[in-house]
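Below is one structure; the comments refer to it alone.
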Amino acid sequence: MNPLDWTIAEALDALAARRISAVELTEAHLSAISALNPRLNAFITETPELARAQAQEADAARAAGAAPKLSGIPLAIKDLFCTEGVRTTAGSKILDPFIPPYDSTVTAQLKAAGAITLGKANLDEFAMGSSNITSAYGQVENPWQRADGKPLAPGGSSGGSAAAVAARIAMGATGTDTGGSIRQPAAFTGIAGIKPTYGRCSRFGIVAFASSLDQAGPMARSTEDCAILLDAMSGFDPRDSTSAERAVPDFRAACARGVKGLRIGIPAEYRVDGMDPTIEKLWQAGIEWLQSAGATIVDISLPHTKFGLPVYYIVAPAEASSNLARYDGVRFGARVDGEDLIDLYERTRAAGFGAEVKRRIMIGTYVLSAGYYDAYYLRAQKIRALILHDFHTAFAQTTGVDAILTPTAPSAAFALGEKMDDPVTMYLNDVFTVPASLAGVPAMSIPAGLDQNGLPLGLQVIGRHFDEETVFAVAGALEAAAGFSALPALRGSALR
Amino acid sequence: MSLDPATIRRIAKLARLRLTDAEIPRLQGELNAILGYVEQLAAVDVTGVEPLSGGAQMALRLRDDVVTDGAMPERILANAPDRIDNFFAVPKVVE
């Protein structure tokens, strides 16, 4: 088997058994990146020298019998995580010259665990998008292809991370998810990805989009690999005021726990009008797989589901307009000179931000402005409370369900250029992922089947707050039953 | 509720974004489409509902009021577009 096709679990075994060195595994990935990245554009910044130095350290640590948990595993880091000494753009021109003097907590923990940094993965500008086309560093191509040969979007905003993992040019990646930015691209590229509970991973050093929603999480090619990565990424951090002071459970062990005796909820409101019949069929297959594995299926209602998207498109831009006020051309980032300070601010921001970011800053500014705050922002926050209440009711301890099963996205990957004209149509991609983000509950997408064009489709498992273990258990059972083994056309292991 | 060009300019001013005249009609159309889409929230009964501002299932922590960080002007100024000594430099504000 080509090492590029290994899961992280398999690679860790091979490294431990000295069947491969960290340097060899890293070089294999670096060659595959050189061959494929010019086409995929999954990385904004490649860091081969850093990767080689880290790989040598990993081999030395292993030789000394002191290899940490992820020693020698090559990863892509979404370019939203600050990395000390390595340019961090957030996909925006305004951060083009920004070289962070510090590491995000998540990347610092991954480095301490021995992971190798291959480079910084492309994303929608400031993580605002579902296609990766809003990046100032060019769109990313999905490594999967359909018969008409049109290049496909990898989803977003973690589109570079998803494309890199699917194309076997990284074994895993960090993503961030504000309204679906891990789960939707994972579904579009046939990989797994989990948005953990809000507060599980530190937000310190992650470029902020919407702080009450942003959560980091792993993307990888198996449920178990996601568990291995999440273990290294999560934990309490005093530098993030919303970081949860909770012990990190054994996520990896939970993957094989099974679903016997679990109650799985199927929310009626996720059966939307005009749903793709292939996706409906896959959802039904998922229900039957879990039933066969010993779970009880329960019809449930999450009555405020349809208000999730409109709430999100008030709350997220409101927080974004506030967070992005820091880009003023004074302390860091790009500057455009002006006649006075206000002129400098306005010119800097006009030149530095792309169209989607400006749109969201404008909406956010409007809904927070005097006279509209109550009608829009405050009302949206109240409906957000109702959405959380829906989940609390569904997950109630004695009468409720243990997890919820839904499709991840309403369609398979669309072609680059499709759905691009109308922002509201693009926003509909997140219809199934946004409610879990608003409620702060953990949710995972796993690849479960193919559509009529041979493109991957994902199923989403939603769990209780801080119960990622049950999410992994259900995802593990679905993964075993689905036996998803299809491969994308463009992949490092298929190069000659 | 529909935003007119004057309102678009006012929001842009609040957001410190310089817009060209050509950008106004496009933004006006897009923002009105988004506001039209979120209009459905007006139909939800929110009587007696407390607003939810955050995703964390916890109260914010307090920490000891002590200095935990600092004394690194070079690192902080390393990314500054312009500086004078240990200060960020901007165009003259007061004549």
Here the residues within region B:7-25 that are aliphatic (A, V, I, L, M), out of contact with any helix residue (DSSP H, G or I) (no Cβ under 6 Å at 6 or more places or on another chain) and either part of a loop (DSSP other than H, G, I, E, B) or farther than 14 Å from A:ILE342 by Cα (or both) are B:ALA22
Would you check which residues across region A:347-371 are at pLDDT 95 or above, more than 8 Å from every other protein chain (Cβ to nearest Cβ) and in a loop (DSSP other than H, G, I, E, B) and list them? A:GLY354
One residue is enough: does region A:279-293 have a residue meeting the conditions of a type in the set (Gly, Ala, Ser) and either on the phi > 0 side of the Ramachandran plot or within 14 Å of another protein chain (Cβ to nearest Cβ) (or both)? no
Taking region A:307-346 as the region of interest, how many residues are part of a loop (DSSP other than H, G, I, E, B) and in contact with a Phe, Trp or Tyr (Cβ under 7 Å, 6 or more places away or on another chain)? 6
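Table: residues versus (1) modelled with pLDDT of 95 or more; (2) assigned by TED's automatic domain parsing to the domain that holds A:ASP214; (3) farther than 24 Å from A:ASN323 by Cβ; (4) among the polar types (S, T, N, Q).
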{"residue": "A:ALA60", "(1), (2), (3), (4)": "yes, yes, yes, no"}
{"residue": "A:GLY65", "(1), (2), (3), (4)": "yes, yes, yes, no"}
{"residue": "A:LEU70", "(1), (2), (3), (4)": "yes, yes, yes, no"}
{"residue": "A:ILE73", "(1), (2), (3), (4)": "yes, yes, yes, no"}
{"residue": "A:ARG87", "(1), (2), (3), (4)": "yes, yes, no, no"}
{"residue": "A:GLY91", "(1), (2), (3), (4)": "yes, yes, no, no"}
{"residue": "A:ASP96", "(1), (2), (3), (4)": "yes, yes, no, no"}
{"residue": "A:PRO100", "(1), (2), (3), (4)": "yes, yes, no, no"}
{"residue": "A:SER104", "(1), (2), (3), (4)": "yes, yes, no, yes"}
Region B:79-93, subset assigned to a loop (DSSP other than H, G, I, E, B) and modelled with pLDDT of 95 or more, residue surrounded by the fewest Cβ atoms within 10 Å (Cβ to Cβ): B:ASP85
Given the options A:LYS111, A:LYS78, name the one that is away from chain B (no Cβ under 14 Å) and either touching a Gly at 6+ places or on another chain (Cβ under 8 Å) or under 19 Å from A:GLY190 (Cα atoms) (or both). A:LYS78
Counting only residues that are modelled with pLDDT of 95 or more, more than 22 Å from A:ALA35 (Cβ to Cβ), hydrophobic (A, V, I, L, M, F, W, C) and out of contact with any Phe, Trp or Tyr (no Cβ under 6 Å at 6 or more places or on another chain), region A:127-175 contains a total of 2
Criterion first (more than 7 Å from chain A (Cβ to nearest Cβ), over 30 Å from B:THR7 (Cα atoms) and in contact with a strand residue (DSSP E or B) (Cβ under 9 Å, 6 or more places away or on another chain)) does B:LEU77 satisfy it? yes
Can you find a residue that is touching a Gly at 6+ places or on another chain (Cβ under 8 Å), hydroxyl-bearing (Ser, Thr, Tyr) and closer than 22 Å to A:LEU438 by Cβ anywhere in region A:274-296? no
What number of residues in region A:446-496 are more than 20 Å from the chain's Cα centre (by Cα) and assigned to a strand (DSSP E or B)? 1
Spot the failing condition for B:ILE34; the list is (1) touching a Ser or Thr at 6+ places or on another chain (Cβ under 7 Å); (2) under 21 Å from A:GLU319 (Cβ atoms), and only one is missed. (1)
Considering only region A:436-474, state which residues are among the small types (Gly, Ala, Ser) and farther than 24 Å from A:ALA153 by Cβ. A:ALA439, A:GLY440, A:GLY463, A:ALA473
Select from region A:57-84 the residues that are under 18 Å from the mean Cα position of the chain (by Cα) and of a type in the set (D, E, K, R) and write down the one among them that is surrounded by the fewest Cβ atoms within 10 Å (Cβ to Cβ). A:ASP79
Taking the options A:PHE251, A:PHE236, A:PHE204, name whichever one is aromatic (Phe, Trp, Tyr), closer than 19 Å to A:ALA113 by Cβ and without any contact (Cβ under 8 Å) to a residue 60 or more places away in the chain. A:PHE236
So B:GLN40 clears everything in (1) closer than 24 Å to A:THR178 by Cβ; (2) more than 9 Å from every other protein chain (Cβ to nearest Cβ); (3) among the polar types (S, T, N, Q) except one condition, right? Which one? (2)
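The values are calculated or read from the model by the stated rules, or taken from the named source; none is laboratory data. As the structure is a computational prediction, the values presented were derived from the model and not from experiment. Ideal geometry is used to build each Cβ from the backbone, glycine not excepted, and the neighbour counts take in all protein chains shown.
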